[in-house]
Amino acid sequence: QRARTQFAQAVADLAARPQSIETLQSAGVVSLLRLLLLDVVPTVRQTAALGLGRLADYSVDLAEAVVKAGILPQLVCSLPEENRYYKKSAAFVLRAVAKHSPQLAQAIVQCGALEMLVICLEDFDPGVKEGASWAFDYIARHNPELSQAVVDAGAVPLLVLCIQEPEIALKRIAASTLSDISKHSPELAQTVVDAGAIFFLAQMIPNPDAKLKRQVLSALSQIAKHSVDLSELVVEAEIFPVVLTCLKDSDEYVKKNGATLIREIAKHSPELSQLIVNSGGVAAVIDCIGSCRGTVRLPGIMMLGYVAAHSENLSMAVIVSKGIPPLCACLIEEHEDHIKAAAAWALGQIGRHTAEHARHVAAANVLPTLLDIYVDTRSSEDLKMKASIFVAKKALKNVLQKCTYLPALEPLLHDAPPNIMKHIIGQFSKVLPHDSKARRLFVTTGGLKKVQEIKAEPGSLLQEYINAINNCYPEEIVR
């Protein structure tokens, strides 16, 4: 008995060291531990399970070896009668196997483990509940089918009870599991809502534990993202204005997840966006974008774009809250193309409504920056760069179609490619006939000279624009 105990303990200790894994694997340790799972001594069984969990956690090959050795059925068949230490170790094995792929997670489902894990969720010991929650999380996160299997096993109501327990670690993983169940579809999110999760999640937003706040905000985001109705249920849990405090949190992930939650609500309807504006959400997000760097900014940038896209009034609310300067700063400061693309898109949404909206965007001197991104071909093979260029082009067009702000348009005449040039010339052809000061400036800054250099197809729209501009001046000036 002592020898078996020492052997199981030695293997479990070695399995915790990456440099020992290959040696253990070549020695056929999985089949040796399988025999010890049937040992009469509880400590040996528990330690053998711990060793198997560590091995399976290390690589997909070892996880597959555990499944092929037929260990899962014998691991779970006696689970209800075992002590809490064995239950924790068994849950660890299941979680370690499930994490690698949907196929391995499916193997967990097929061996009847979910029913046993539900029993563990009802255990009096918080550590056993925590282990079961981890296992459910690693199964549910892969795809809707596996998530549905977790729901069908009856785990959701018990997970909602777990987030009400006093232990912080248990709350964290239960909230994470509810988040991963909710993310796949509106129907799965609705199951979580029907179990009463929103109320208890919303209550935990002010909790001082940063890791718990991350998971709570993530879970609410995954629920809200699917539909207007689900978003409204989240809002009705009175998350505003308390969620805005998360945007000033010292933890970067809390900031990011808080902004993501607000974004997921804002995107659905003008009414929800207006509610966010009324609660001070736009100003709080703008402050957040200005105070951080990198991907933490991304959900806030997207949120401003969604709000601005809904209506002229909401776009003006973003402008009045001084949302344009930090978005311009993102175009210049950020190196990741997808963040630049998001900022360009948001500026395009702000400027596309009326000439007044476009003037605010143009006055921030953002058009030359957008043009630089659009004509930049350094990374033209890179998909992200292509996306960034496409968004910059679209944003430019959105603003140019409404823009009558000549000082911003003038510099673009000398650099813009033909398809953007058409929009710029079109704007000048609208403004110059009615503005004598603009006509004078257009000559002295070289704009009229540039127009004469443009080769347009006879009879084309661009040629019509050029003719309209030339008609504003005496013939000798045009010559």
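The values are calculated or read from the model by the stated rules, or taken from the named source; none is laboratory data. Being a predicted model, the structure only gives us computed values, none of them experimental. Every residue, glycine among them, receives a Cβ derived from its backbone with ideal geometry; neighbour counts consider all protein chains shown. We work out accessible area using only protein heavy atoms, side chains counted, and drop any ligands, DNA or RNA first. Shrake-Rupley method; radii C 1.70, N 1.55, O 1.52, S 1.80 Å.
In table form, for the structure just shown:
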read-out	value
Alpha carbon Rg of the range 1-149, scaled by the compact-globule rule 2.2 N^0.38 Å	0.97
Overall Cα dimensions of the range 136-221 - principal axes, largest extent first, Å	35, 20, 19
For the range 364-479, projected area of the alpha-carbon convex hull averaged over all directions, nm²	7.7 nm²
Portion, in percent, of the accessible area of the range 418-478 that falls on carbon or sulfur, probe 1.4 Å	54 percent
Alpha carbon centroid spacing (whole Å) that separates the range 287-311 from the range 166-193	26 Å
Where D435, D125, D61 fall by accessible area, highest first, once all protein chains stay in place (1.4 Å)	D61, D435, D125
N365/E22 FRET efficiency (R0 60 Å; Cβ-Cβ; nearest 0.05)	0.50
Alpha-carbon radius of gyration plus Dmax, which is the widest Cα pair, for the range 418-478 in Å	10.7, 30
Solvent-accessible surface (1.4 angstrom probe) belonging to T295, in square angstrom, nearest 10	60 Å²
Rounded accessible area of T177 (nearest 10 Å², 1.4 Å probe)	0 Å²
For the chain, projected area of the alpha-carbon convex hull averaged over all directions, nm²	27.4 nm²
Average accessible area per residue (Å²) across the range 418-478 - probe 1.4 Å, nucleic acids and ligands excluded	58 Å²
Set of lysines near K430 by C-alpha distance (under 22 Å), chain-local residues within fewer than 8 positions excluded	K393, K394, K397, K402, K422, K449, K450, K455
Virtual spin-label span in nm between E81 and D376, 7 Å along Cα→Cβ	6.7 nm
Proximal lysines to K256, defined as alpha-carbon separation beneath 18 angstrom and excluding residues fewer than eight positions away on the same chain	K183, K211, K213, K225, K248, K267, K340
Translational D in µm²/s for the range 249-324 (Stokes-Einstein at 10 °C, 1.306 mPa s, Kirkwood Rh from C-alpha pairs)	133 µm²/s
Calculated FRET value between V60 and D415, using beta carbons and R₀ = 60 Å, to 0.05	0.70
Fully extended contour minus Cα-Cα distance, from H434 to E236, at 0.36 nm per residue	66.1 nm
For the range 219-264 versus the range 423-479, the gap between their alpha-carbon centres in whole angstrom	50 Å
Cα-Cα P(r), the range 202-349, percent of pairs per 5 Å interval	2, 11, 22, 24, 21, 13, 6, 1
Rounded FRET efficiency, nearest 0.05, which uses the C-beta distance separating A210 from A10 and R0 of 35 Å	0.40
Those residues of the range 268-299 whose amide nitrogen sits under 16 Å from the label point placed on A329, 7 Å along Cα→Cβ	283-299
Length added when fully stretched, L32-E464, from 0.36 nm per residue minus Cα-Cα	147.0 nm
Gap separating the Cα centres of the range 42-94 and the range 317-368, nearest whole Å	54 Å
